[in-house]
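The values are calculated or read from the model by the stated rules, or taken from the named source; none is laboratory data. Predicted model only: the values in this text are computed from it and were never measured. Because the Cβ atoms are built from the backbone with ideal geometry, glycine has one as well, and the counts that use them run over all protein chains shown. With ligands, DNA and RNA removed, areas are computed over all heavy atoms of the protein, side chains included. Shrake-Rupley method; radii C 1.70, N 1.55, O 1.52, S 1.80 Å.
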Amino acid sequence: MNSIPVIVLAGFLGSGKTTVLNHLLGHRGGTRIGVVVNDFGSIEVDAMAVAGQVGDSMVSLGGGCLCCAVDGSELDAYLEKLADPVHRIDVIVIEASGLAEPQEMVRMLVANENPAVRYGGMVHVIDAAEFDATRTRHPETDRHLAVADLVVLNKTDRIDAAERTRIETALGALCAPGIPVVAADHGRIDPELLFDRRPWTETRGQLSFEDLLAQAHDHEGDGEDHAGHVHAAYASTEFVSEQALSPRRFIEFLDRRPPGLYRIKGSVHFGVPGHEERYEIHAVGRFLRFAPHAWGRGEPRLTQLVLIGSGTDGPALLRELESCREPEPWRGTPESMWGVLRYVDRPAAREPRPDPEPEPDADPEDF
């Protein structure tokens, strides 16, 4: 059973965090999302008024999405509920505000022993128009940014180019090296930056969450399409290789990936003796995880990657990936996989996990 990624969405009141969350829900395609919030009122109230009850403190958002209201002490219990196979949830998004400090949320998720869920990265939303005021009111903002894997600079439509450049420079100093900053207005980011969006297969028209959002936008009356075409802001680069990749060279590529590269997904074939599985990769900003899975019967041994970013040089990325090819993977040693295994949550029991240096985005002691 594949574990469900749990993404933490952080940001202070007014940053647009809930707007981002509602946008993700409204543009999820056929992806089934589990949402954890501290107050149902923050998710569009009209949807909650008509949603069917599916359990204590849990409501259906339509189309398979669920929402539960919790406090910090209930988090593990509700993650277990959302991860129940009966719900067929694909991804869980936690709205951190009001539940706990983002660092505490990350610590809890990293330490969670439920094999059905895994930490999927922390996204921090910043109000571009109130950046300085927010840091003054909430000095802990700097600490939160220091552990973010991706930053959404929201409300960029309310500032000019010079101010945006100033803020992005400040964020570059506050965040860990290489952390991507995604500019957005009205919380519109591509859901593909955070999770795989499944194609829509269910019939609308039964008062789903998408229907309610569409009705709300139809009655806004300002003539602006807030749904937007967010894909236009991002470029997608695809890489396929029938030849195995060198684990060492591939990790080096990931370590030096540019800040504009927001998401990497797909699977990698290393072919090192003892590690012949396919390694699914999940990268959001600087957050990185691999998950080994057995190949299907007759499934070709391929590396297939999709890289999503803004301002990235697609041909240059492909050249770097081409240089990761390994013509003789069977000559690889177990030590060559250590760089990959340090990003595997639960490595195979047949080989003990190496004891590398603690990594900043996963070790609870780092917070």
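Scan the stretch 108-136 for residues that are open to solvent by 40 Å² or more (accessible area, probe 1.4 Å) and in contact (Cβ under 8 Å) with a residue 40 or more places away in the chain and jot them down.
Passing the criteria: V110, A111, P115, R118, E130.
Restricting to the stretch 82-98, count the residues that are surrounded by 16 or more Cβ atoms within 10 Å (Cβ to Cβ) and either under 19 Å from the mean Cα position of the chain (by Cα) or modelled with pLDDT of 85 or more (or both).
Going through the stretch 82-98 one residue at a time, the tally reaches 11.
Might you check whether a residue that is open to solvent by less than 10 Å² (accessible area, probe 1.4 Å) and within 24 Å of V6 (Cβ to Cβ) occurs anywhere in the stretch 296-304?
no
Any residue in the stretch 137-146 that is assigned to a strand (DSSP E or B) and farther than 30 Å from R88 by Cα?
Among the residues of the stretch 137-146, not one is assigned to a strand (DSSP E or B) and farther than 30 Å from R88 by Cα, which makes the answer no.
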